[in-house]
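**Q** This is the structure I have questions about; it appears just below.
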Amino acid sequence: MASFNFANLSANFFTSPLIGTNVLSDGVDPTEILNFLFKKSFGIANSKPYWDYSDETVGFNSTPFTNLNSLYSQKIPTINELIPLIKIDSWVNPNGGGGEKWISSNFPYISYYSSIVMNPCLQNQFSNTFFCGTKYFDSLNNRAYSNFSTNAIPNNYGDGISFNHLVYSFNETRLFSENNGTGGSWILDTDSGILTFYDVVRIPGIRVDVNNPPRITYWRYEGLTGNANIVEVFDA
């Protein structure tokens, strides 16, 4: 299947009403919403928006956290319980970009990643998907390498504010997902760890592409899962 080029879209494509309504789209093409959900139903990540599911990159798993191995076994506390945080001075972003890692002194399995430079999923000028990992993919085997933006705590967890995902341009201009899509109408899939821009960033002087990757700030669960606890019980 041929790659998709945003330049082929009409100027008002992302601001047209949703099908059957008079409500304007928030910047995400309704057809692509269905494509995203269809792929996720098979546990396939949407690293190639507008591509068929059979053409997706192998290695990005987007299975929703419903199976035993993916059940969180430890508490995700409130923000107040997580403080104070400890900076991990020895931590260096393995993808070669900038950013910092902090952990909670009370719950060390909860990490706070600050202003992490992301990597593109596809190494071409049309790439609009990014993740936190060591390399976009192995061109020989078409498999993704390590990805530490998976298991990001959803931004609607708890009070719906404290765990918000914050996305910035490379020069650290805040990119809001709302505001009629001026910030790129991005979505972070916390299962696959892939950040997708469904629209171009329409902020003067700001670009997000392979040469200008975004930065992201988020909280991540790095604790035990349900299966780990069951193994401990049987070992006892």
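**Q** Distance between Cα centroids, region 99-131 to region 167-206: provide it in whole Å.
**A** 14 Å
**Q** Tell me which lysines have Cα within less than 29 Å of Lys75's Cα, excluding those fewer than 8 residues away on the same chain?
**A** Lys40, Lys87, Lys101
**Q** Let me ask something additional. Tell me which residues come under 5 Å, amide H to amide H, from Leu224 once H is placed; ignore anything under 5 positions away on its chain.
**A** So Leu224 has HN proximity to Ser73, Gln74.
**Q** For Ser47, Ser90, Ser111, what ranking results if the residue with the fewest other Cβ atoms within 10 Å of its Cβ goes first?
**A** Ser90, Ser111, Ser47
No value in this document is a laboratory result; all are computed from the given coordinates. Every value quoted in this text rests on a predicted model; they were computed, and no experiment measured them. A quick note on method: Cβ atoms are made from the backbone with ideal geometry, for glycine too, and the neighbour counts reach across all protein chains shown.
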